[in-house]
Every structure is written in structure tokens, then in C-alpha cells.
1. Could you please give the count of residues in segment 46-55 that are more than 15 Å from the ligand (Cβ to nearest atom), of a type outside the set (Gly, Ala, Ser) and over 15 Å from Arg90 (Cα atoms)?
2. Counting just the residues of segment 238-257 that are near the ligand (Cβ under 10 Å from one of its atoms), assigned to a loop (DSSP other than H, G, I, E, B) and in contact with an Asp or Glu (Cβ under 9 Å, 6 or more places away or on another chain), which one comes out modelled with the lowest pLDDT?
3. Look at segment 164-220 and say how many of its residues are outside any loop (DSSP other than H, G, I, E, B) and within 11 Å of the ligand (Cβ to nearest atom).
4. Go through the residues of segment 129-136 one by one and say whether even a single one is outside any loop (DSSP other than H, G, I, E, B), open to solvent by less than 60 Å² (accessible area, probe 1.4 Å) and aromatic (Phe, Trp, Tyr).
5. Looking at segment 267-278, which of the residues that are open to solvent by 10 Å² or more (accessible area, probe 1.4 Å) and in a helix (DSSP H, G or I) is farthest from Pro7 (Cα to Cα)?
6. Which of the residues spanning segment 287-309 are among the hydroxyl-bearing types (Ser, Thr, Tyr), in contact with a helix residue (DSSP H, G or I) (Cβ under 6 Å, 6 or more places away or on another chain) and either without any contact (Cβ under 8 Å) to a residue 24 or more places away in the chain or crowded, with 19+ Cβ neighbours inside 10 Å (or both)?
7. Among the residues in segment 251-262, are any farther than 23 Å from Ala26 by Cα, open to solvent by 10 Å² or more (accessible area, probe 1.4 Å) and touching a His at 6+ places or on another chain (Cβ under 8 Å)?
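The values are calculated or read from the model by the stated rules, or taken from the named source; none is laboratory data. None of the values given here were measured: they were computed from a predicted structure. As a convention, Cβ positions derive from the backbone with ideal geometry for all residues, glycine included, and neighbour counts pool all protein chains shown. Remember, those area values only see protein heavy atoms, side chains included, never the ligands or the DNA or RNA. Shrake-Rupley method; radii C 1.70, N 1.55, O 1.52, S 1.80 Å.
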Amino acid sequence: MDGTGLPTTTLGRSGLEVTRMGLGLAALGRPAYITLGRDIDLGADRDRSTMQQRCHHMLDAAYSAGVRYVDTARSYGRAEEFLASWLRARQLGPGSLTIGSKWGYRYTGAWNMHAALHETKDLSLAMFRDQLPWTMGLLGRHLALYQVHSATLESGVLDDEAVLHALAELGDGGVAVGLTVSGPRQADVVRHALEVEVEGVNPFSTVQATWNVLESSVGPALQEAHTRGWGVLVKEVLANGRLTGRGDHRSEGALEDVATRRGASVDQVAVAAALSQPWADVVLSGAVTPSQLESNLAALDLLLTQEEGEELASLTEDPPSYWDRRGALPWQ
Ligand SMILES: NC(=O)c1ccc[n+]([C@@H]2O[C@H](COP(=O)([O-])OP(=O)(O)OC[C@H]3O[C@@H](n4cnc5c(N)ncnc54)[C@H](OP(=O)(O)O)[C@@H]3O)[C@@H](O)[C@H]2O)c1
């Protein structure tokens, strides 16, 4: 992979080359999102051109820092559009970096900070058939990975023959196929997805899941997926900001103790904990400022000891309460 000083790896049997840290655009493609300090970091001006400028600024910061994986989604407002206009403006051709997007959620915020609903979910064949052309229209041959957005067992998408065949078709066409998972039953969904078959072949080759020092329950299932050749992407490693200098673990407890001893910041320790997982191929940064990104990327040089890993495990929360608390985070 050209021009990156960052460690790289292959995203499992998708064969995609990626850097070990990627940039996620969930917080950059729309005016509102659930992370803690948006009012401080983004200020009040959230109009489209301001957000596009910020998104381009962050993509420039990531690219010049060597990041070569970018994660977006149909539902992240205009994130795919901002990414496409940045690629054009920087004259970056397909393959300059690896790009993953997602289908299954529709953005319903109408660029209104106070929308009652910012996104709705529908993991049907009709939704896939509707959203893929939009993504392809914007990203074209830049699209290397297309993921089911937050697959759940209840959605039935992993047992929907028509959807699985359509995904296998997309995979045969050269776009890698993956899924992302969310919620307290991530591990069950990952294990179910590992057993999916279309004419004897599993269409999925990557999984993206939430893992952090507060919610690590999906870890063993991700190890199984990795062992079976899947690429693993890790999201929400800062628990949407709770594991940063603004979060509820900033001043006491294991995260602070390890950070103080290592002369690091709490976000760096939290990111380093995810990077230290043997099954973690790509850890996503959700940074919205270049200084946040720089701090997150510095975690690549912070190798935690086994003892420190065990110390941080003391922070683990009961998954249902973790996800209830996440569900209560305001869109701001
Ligand atoms: N279902 C899915 O597939 C799904 C769901 C969620 C995320 N994702 C992917 O994962 C990516 C990352 O997720 P995320 O952004 O939700 O979670 P995150 O990484 O846990 O949190 C990122 C947030 O933490 C704050 N932050 C980061 N670095 C900081 C620092 N050094 N100091 C202080 N605050 C800092 C920023 O928020 P503030 O500035 O607002 O405080 C930033 O937006 C997304 O962009 C997306 O690509 C996928």
C-alpha cells in the first residue's frame, strides 16, 4: 500500500489491504450524532458546506497521517457524497485507499439537528436494491467493501435467502461483502453469520463490531471469526466519547491509572486496548478534529502489557446496561 507509514494488514479473506487504523465518518457526514462533545468540537454551524469542509479536512489529516481505510454508510447523512467529492478534489483513483460503506439504514434527519428520527432501519432486499446504486453512483470503483448495517437476529437478514444471494452476487462482482453488528447480542449474531451459506459458500468475509474496555463481550466471537479467515474491524473503541478526557472514566479508575503511568491520554489507552486484541485488523477512529485523530493514532505506539490489559478489564460493564446507556445518548 503506497505512501503509508502506518502498519498495514490484510482484511482476512476479503484480501483487502488496510492500515491498522481507519477513519469512520459517522460523526462527520450529518449535523447530529450521539458522541459527547459535539457542541464543543463542531460548534453551532452545521450547515452542509461547513460539514463538507470539516469532513474534507479530516480526510486530508487522515490521509497525510497514512490512514488508508475509510468507513462510511448510506445513512451517515451526506458522508458518501463528501467522501466522493474529496476523492475527486484530491484526484485519488480507486485503490489509493480502501473504502467500506454500509446499507440498511436510511438517513431521515433532513439535515435538521432536532429531527425526531435521524435514521430508520430496513434490512430487506428492496432496501439493498435501493441503496446499492446510490453508493455505487457516488463511490463507483472506490467501493471495496459493502456491509450490512447493524445486522441483528431479529431482523432475519441472515436467514433471508434473497438478500444473501444478492450479496453473493455483489461479492462475485468484486466488492467484498461484510456485516456490522450492534447491541448486547453481537456475539450471537457473529456466530450465526459464520454459519451462513449460499450454494455452499459464505458470502461474508468481514465483520465490524463494537469492542471497548467497557463492552468487550463480543471478543471471543471475533476471535472465532478471525480464526476462520474473516477480516475484523473494531468500532466505538472510545464508547462514543465516554473513554476520553470528557468521559465518565477520565479522572479515576484503571483507565486513568494506566494512562498516568504510561504518560498517555485516556483515549490513547482505550484505543491501544483495542489494537492489542489478536483478532483486531482495523480499529476505527471516530475523531472529528485533527488533534483527536493525532491522539488516537498515537495509540499505535502504545503497546499495553498483559497486566495492563487485565487491569482495564476491571472496567467492563454488563452489556445490556452499556447498550441502554448508549441508546440514551442524545443526538446533538
Ligand atoms: N453500526 C455500525 O456499523 C457503527 C456504529 C457506530 C460506529 N461505527 C463506525 O465506527 C466509527 C467510530 O465510531 P464512533 O465515532 O461512534 O465512536 P468512538 O470512536 O467510540 O467515539 C468517537 C468520538 O469520541 C470523541 N473523541 C475521539 N477522540 C477524542 C480525543 N482524543 N479527545 C476527546 N474526545 C475524543 C469524539 O466525539 P466528540 O468530539 O463529539 O466528543 C469522537 O467523535 C464511526 O465513524 C463508524 O465508521 C459503525
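1. So the first thing to find is which residues in segment 46-55 are more than 15 Å from the ligand (Cβ to nearest atom), and the list is 47-50, 52-53.
Within this subset, residues satisfying the condition of being of a type outside the set (Gly, Ala, Ser) are 47-48, 50, 52-53.
From what's left, over 15 Å from Arg90 (Cα atoms): 47-48, 50.
Final tally of qualifying residues: 3.
2. Selected residue: Arg250.
3. Of the residues in segment 164-220, the ones outside any loop (DSSP other than H, G, I, E, B) are 164-172, 176-181, 186-194, 198, 201, 206-210, 219-220.
Keeping just the survivors that are within 11 Å of the ligand (Cβ to nearest atom) gives 178-181, 186, 207-210.
Result for segment 164-220: 9.
4. no
5. First, pick out the residues of segment 267-278 that are open to solvent by 10 Å² or more (accessible area, probe 1.4 Å): 267-268, 275-278.
Now narrow it down to the ones that are in a helix (DSSP H, G or I): 267-268, 275.
Values: Asp267: 19, Gln268: 17, Leu275: 11 Å.
The extreme case among them is Asp267.
6. Going residue by residue through segment 287-309, those that are among the hydroxyl-bearing types (Ser, Thr, Tyr) are 289, 291, 295, 305.
Now restrict to residues that are in contact with a helix residue (DSSP H, G or I) (Cβ under 6 Å, 6 or more places away or on another chain): 289, 295.
Listed by number, the list holds a single entry, Ser295.
7. Yes, segment 251-262 contains a residue that is farther than 23 Å from Ala26 by Cα, open to solvent by 10 Å² or more (accessible area, probe 1.4 Å) and touching a His at 6+ places or on another chain (Cβ under 8 Å).
Quick grid of which residues meet (1) β-branched (Val, Ile, Thr); (2) at pLDDT 95 or above; (3) open to solvent by less than 20 Å² (accessible area, probe 1.4 Å):
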{"residue": "Ser49", "(1), (2), (3)": "no, yes, no"}
{"residue": "Gln53", "(1), (2), (3)": "no, yes, no"}
{"residue": "Val67", "(1), (2), (3)": "yes, yes, yes"}
{"residue": "Val70", "(1), (2), (3)": "yes, yes, yes"}
{"residue": "Ser75", "(1), (2), (3)": "no, yes, yes"}
{"residue": "Leu97", "(1), (2), (3)": "no, yes, yes"}
{"residue": "Gly100", "(1), (2), (3)": "no, yes, yes"}
{"residue": "Gly104", "(1), (2), (3)": "no, yes, yes"}
